[in-house]
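Engineer: Let me give you the structure first, and then I'll get to my questions.
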Amino acid sequence: MAAPLKVGLNIVWFKPELQVEAAKLGEDLGFDSIWVGEHVGLPKNDQWWRKYPTVVAKGAEGRESDVAFGPDSDFLDPMVVLGAVASVTSKVRLGIGIYMLALRDAVLAARMIATVDVLSGGRLDMAIGLGWNEDEYRFTGNDWKTRGRRTDEIIRAIRVLFEEETPEFHGEFFDFGPLGFQPKPIQKPLPILVGGGTPPAEKRAGTLGNGWHGPESSIPAIRRHMADAGRADEPFFFSTITLGPVSRGELEVMASKGAHQAVVTPWPGKRVGEVGRDGFDDLERYAREIGLI
């Protein structure tokens, strides 16, 4: 009984010292990919959580407990984690979502991304997004108001670095070249999934991405944007992330709506960085329940 779609494993819920071991177990249990995410540094004040998408969606009913992490939760650098995971795995794909490219310089980010893809033998999937917390932009010296334009431009800039023999780019935010940039990613093109759940994110996915990492309810809108951009026949990968246990039946529904992959977080009542070794047994039980083993 195979799973109805590809199933990725979110390892950020594990304690930091267990994440690489959890990734290896995930590969052994038949998960198709291992995923990490990031926050660079959240503000410590009474209002930090109020703009989180789930809280905003609930309106007056939203609470701080609706957020599965806090300013003091353990977030490792995702690219470093994936480099470590690459060294102990051989088959699973390595995913990062959401990676806030707009917080970074194009050339430096491209170097880190290419490094992980090369060291993993071409297994990196990168889902990028804008994030939701304005303070993370301020803390890193970036402008919150231009985050959308900056994200669109950095996608174009890193594609130039990855795809041109002598890259050169002159834009509003990034200006470089001609320069040497080797090694380039093994994957051609490198999968750049766009994440989020808003109309601008859907349009960005349909016009600039070659994949989506967000709710499956966005799939019809993204397909329309792809058609408008003349990309209707291009390969495109639809991935969605879930928090909490997801049944096999729910996975089947996601597949029926066009999702190619679901990234799961099968530990109810836990938050980022809280799952210990007992989570390994939970993971094996869950893999059996959904048909991975």
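Engineer: For 115, 89, which order do you get if you count the other beta carbons within 10 Å of each Cβ and list the fewest first?
Structural biologist: 115, 89
Engineer: Can you sort 175, 282 from fewest to most other Cβ atoms within 10 Å of each residue's own Cβ?
Structural biologist: So the ranking, lowest neighbour count to highest, is 175, 282.
Engineer: Show me 205-217, 52-64 ranked by packing, highest mean number of other Cβ atoms within 10 Å first.
Structural biologist: Final packing ranking: 205-217, 52-64.
Engineer: OK, next. Give, in whole angstrom and from largest to smallest, the semi-axes √(5λ) of the equivalent ellipsoid of the range 1-99, with λ running over the eigenvalues of the Cα gyration tensor.
Structural biologist: Calculated on Cα positions only, the semi-axes equal 29, 17, 10 Å.
Engineer: Two decimals is fine: what is log10 I(q)/I(0) at q = 0.15, 0.20, 0.22, 0.30 Å⁻¹ for the range 1-49, from a Debye sum with one equal scatterer on every Cα and no solvent?
Structural biologist: -0.54, -0.74, -0.81, -1.12
Engineer: Okay, next question. In what order do 170, 225 fall by count of nearby beta-carbon atoms within 10 Å, going from fewest to most?
Structural biologist: Going from sparsest to densest Cβ surroundings: 170, 225.
Engineer: Along the positive direction of the dipole of the range 64-182 (beta-carbon charges: Lys, Arg +1; Asp, Glu -1; about the Cα centre), which of 124, 65, 78 reaches farthest?
Structural biologist: With unit charges placed on the Cβ atoms, the residue in question is 124.
Engineer: Here's something else I'd like to know. Counting DSSP beta bridges in the chain, what percent are antiparallel, to the nearest 5?
Structural biologist: 10
Engineer: Can you list residues whose amide H is under 5 Å from residue 125's amide H, if they're 5+ apart or on another chain and H is modeled 1.01 Å from N?
Structural biologist: When sequence neighbours closer than 5 places are left aside, the close amide H contacts are 94, 95, 96.
Engineer: Fully extended, how many nm does the chain gain between residue 285 and residue 74 (0.36 nm per residue separation, minus their Cα-Cα distance)?
Structural biologist: So the extension gain works out to 73.4 nm.
Engineer: Only four residue types carry charge here, +1 at the Cβ of Lys and Arg and -1 at the Cβ of Asp and Glu. Report the dipole size of the range 6-290 about the Cα centre in Debye, rounded to the nearest 20.
Structural biologist: Using Cβ point charges on Lys, Arg, Asp and Glu, the range 6-290 gives about 400 debye.
Engineer: Could you give the DSSP H helices of the chain that reach 18 angstrom or more along their long axis (alpha carbon positions) and whose average Kyte-Doolittle hydropathy is no lower than 1.0?
Structural biologist: The answer, listed by residue number, is 106-119.
Engineer: If you don't mind, there's one more thing I want to ask. Starting from the Kirkwood radius over alpha-carbon pairs of the range 6-290, derive D by Stokes-Einstein at 4 °C in a medium of 1.567 mPa s and give it in µm² s⁻¹.
Structural biologist: This corresponds to a translational diffusion coefficient of 66 µm²/s.
Engineer: On to the next question. Multiply the residue separation of residue 248 and residue 186 by 0.36 nm, subtract the distance between their alpha-carbon atoms, and state the gained length in nm to one decimal.
Structural biologist: So the extension gain works out to 18.9 nm.
None of the figures in this text is laboratory data; all of them are computed from the coordinates on show. Since this is a predicted model, take the numbers as computed values, not measurements. Here Cβ is always computed from backbone atoms with ideal geometry, including for glycine, and neighbour counts include all displayed protein chains.
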